[in-house]
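Here is the structure we will look at.
The values are calculated or read from the model by the stated rules, or taken from the named source; none is laboratory data. All of these numbers come straight from a predicted model, not from anything done at the bench. Because the Cβ atoms are built from the backbone with ideal geometry, glycine has one as well, and the counts that use them run over all protein chains shown.
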Amino acid sequence: MRCPFCNYEDTKVIDSRPADNKKRRRRECVNCSKRFTTYEVVEMPLLSVQKRDGTFELFDKEKLTRGICSAVTKRPVTIEQVQQIVDQIELTCANEMRNQITSTEIGDMVLERLRGLDDVAYIRFASVYKDFSDVDSFIQSISELTKDK
């Protein structure tokens, strides 16, 4: 790590602690003795999503968050819980060292997490994600949900 003051290459870590999913490090330059702070974050691999039409796009946390938020509107689900779902999905892919995932797999992961969180949000997300073609398939999804309870 280079010192931002004198550009010397050698610094020492004085203090290290976690801060907001980052590692905060207090450093001191061995040349000029000035102190500065750095933040270390884990680099997530780029994740591509294969859509239903076969095209690929980069995984977009904000897009997934918006989709889940629309399903949980006016429901007792906090934005922190939504963010946790998105983070869990991204972390699952990173832990499995995946660089590709299908939109279907992402949808299934979201539904799995919403099922335990809020039934109405689950049905709302499923109605868009599963693209119900008729009322019977919608009713079947609801009856499966109530049967599991």
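Residues in segment 71-87: is at least one small (Gly, Ala, Ser), out of contact with any Lys or Arg (no Cβ under 6 Å at 6 or more places or on another chain) and in a helix (DSSP H, G or I)? The answer is no; no qualifying residue exists. Among the residues of this structure, Asp136 counts as one that is part of a helix (DSSP H, G or I), surrounded by fewer than 17 Cβ atoms within 10 Å (Cβ to Cβ), more than 18 Å from the chain's Cα centre (by Cα) and among the charged types (D, E, K, R).
Would you please name the residue that is farthest from the chain's Cα centre (by Cα), looking only at residues in segment 56-70 that are of a type outside the set (Phe, Trp, Tyr), surrounded by 10 or more Cβ atoms within 10 Å (Cβ to Cβ) and outside any helix (DSSP H, G or I)? By that ranking, first place goes to Glu57. Is it the case that Asp108 is outside any strand (DSSP E or B), surrounded by fewer than 11 Cβ atoms within 10 Å (Cβ to Cβ) and out of contact with any Asp or Glu (no Cβ under 7 Å at 6 or more places or on another chain)? For Asp108, the condition - outside any strand (DSSP E or B), surrounded by fewer than 11 Cβ atoms within 10 Å (Cβ to Cβ) and out of contact with any Asp or Glu (no Cβ under 7 Å at 6 or more places or on another chain) - is not met.
Could you tell me whether Asp53 is part of a helix (DSSP H, G or I), modelled with pLDDT of 90 or more and out of contact with any helix residue (DSSP H, G or I) (no Cβ under 6 Å at 6 or more places or on another chain)? Considered against the rule, which asks whether it is part of a helix (DSSP H, G or I), modelled with pLDDT of 90 or more and out of contact with any helix residue (DSSP H, G or I) (no Cβ under 6 Å at 6 or more places or on another chain), Asp53 comes out as no.
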